[in-house]
Amino acid sequence: MNDHKIIDHIVKWLDAYLVKTGLQGFVIGVSGGIDSAVTSTLCARTGKLVLAVNMPIYQAKDQVSRSSAHIAWLEKNFENASGIDVELSPVFDQIKKSFPQQIQDGLTMANTRSRLRMLTLYAFASSHKMLVAGTGNKVEDFGVGFYTKYGDGGVDLSPIADLMKTQVYALGKNLGIIEEILTAAPTDGLWEDNRTDESQIGATYAELEWAMQYLESGPKNPLSKRQKKVLSIYNDFHAANKHKMDPIPICRIPTELK
């Protein structure tokens, strides 16, 4: 993989798309993870305005500190980039008070956090005439569907969605992303116990990428017990989350009925 050429390609793509829309720049939710760090940096490299938004909701301290450190790094290295902190914990509390208790299971409320952040990003985007840049990578968006529908999946464009997670890390090193983000365990930041992506999925991103590539290239060598398990995990997630990856179905009305 030629990191420099990929970086240049994405930056030019971002710039061209923004010019076509007539809008002013990009707004990105910064989580303290590698995907949002790389995406915000690529956007900043266009020279257009970039607003990086840190949106803690009872967030683990290390996630907040990484987000703040990345925003500071962005502001230091790019005059066109700025950051803002929006504490959403009180808003989330109000939502919990309004929701009936019977729908407040863990996954529902985790997804609610993500959708609250999406709402916040679009408020900034509308006010500042910006595009919301997505931070999903290929194995998350099109492999296991590990994102929230109309949450972190609610974006205007996806700069890194054709890159595997390991490729995003490679770009991060090339872009000079701070070490504490490069070495942090991936997490969606939606749970108060700070659980990692691997603990939720049951496989590492490297394993999931292997499964995705294995299925795309067709069966080859005999599989180990762990490889069979990873394939099963991948297929289960892919099937359960396929509705996120496909376009919204439209009920087409026959002409004779109109």
For ALA60, residues with placed amide H under 5 Å, excluding near neighbours: none
Table column - 3J(HN,Hα) (Hz), segment 14-22, Karplus curve with 6.51, -1.76, 1.60, x for Gly and Pro: 4, 4, 5, 5, 4, 4, 4, 7, x
From phi via Karplus (6.51, -1.76, 1.60), per-residue ³J(HN,Hα) for segment 111-120 in Hz, x at Gly/Pro: 5, 5, 4, 5, 6, 5, 5, 4, 4, 5
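With +1 assigned to the C-beta of every Lys and Arg and -1 to the C-beta of every Asp and Glu, and no other charges, what is the dipole magnitude of the chain about the Cα centre in debye, to the nearest 20?
Details: 28 positive and 29 negative charges, 106 e Å.
For this selection, approximately 520 debye.
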GluC sites (Glu not before Pro) restricted to segment 190-258 and DSSP loop, no more than 16 other C-beta within 10 Å: GLU192
Kirkwood estimate for the chain, i.e. one over the average of 1/r between Cα atoms, Å: 19.4
Residue order, fewest to most surrounding Cβ atoms within 10 angstrom, among ARG226, ARG117, ARG252: ARG252, ARG226, ARG117
Surrounding net charge for ARG113, when Lys and Arg each add one and Asp and Glu each subtract one, Cβ distance under 11 Å: 0
³J(HN,Hα), Karplus 6.51/-1.76/1.60, whole Hz, each residue of segment 159-175, x for Gly, Pro: x, 10, 6, 9, 10, 5, 4, 5, 5, 5, 4, 4, 5, x, 4, 5, 7
Within-11-Å neighbourhood charge of VAL19 [Cβ basis; K, R +1; D, E -1]: +2
Principal axis dimensions, largest first and in whole angstrom, of segment 53-185 by Cα: 47, 33, 31
Charge dipole (debye, nearest 20) of segment 158-258; +1 at Cβ of Lys and Arg, -1 at Cβ of Asp and Glu: 520
Charge dipole magnitude, Cβ of K and R +1, D and E -1 - segment 138-187, Cα centre, debye nearest 20: 120
Long-range amide H partners of GLY25 with built H, under 5 Å: LEU131
Packing-based exposure ordering (other Cβ within 10 Å, fewest first) of VAL53, VAL30, VAL132: VAL132, VAL53, VAL30
Helix-only mean residue ellipticity at 222 nm for the chain, each DSSP H run of n ≥ 4 adding -39500 (n - 2.57), per residue, nearest 500: -16000 deg cm²/dmol
For segment 3-58, with +1 on Lys and Arg beta carbons and -1 on Asp and Glu, the positive-most of ALA37, VAL53, GLY25 along the dipole: GLY25
Segment 201-258-segment 29-45 distance, computed between alpha-carbon centres (Å): 26
31 Å Cα-Cα threshold exceeded, pairs from LYS149/LYS229; LYS96/LYS149; LYS48/LYS165; LYS20/LYS149; LYS76/LYS96; LYS149/LYS228: LYS76/LYS96
Calculated FRET value between THR21 and ALA240, using beta carbons and R₀ = 51 Å, to 0.05: 0.95
Among ILE95, GLN63, ILE233 the positive-end extreme of the charge dipole of the chain (Cβ point charges): ILE233
Ascending count of other beta-carbon atoms within 10 Å, so fewest first, for SER31, SER127, SER68, SER98: SER98, SER127, SER68, SER31
For ASP188, residues with placed amide H under 5 Å, excluding near neighbours: ASP197
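Rule-based calculations on the coordinates, nothing more; no lab input. Note that the structure is a prediction, hence the values are computed from the model and not measured. Glycine gets a Cβ as well: all are built from the backbone with ideal geometry, and neighbour counts include every protein chain shown.
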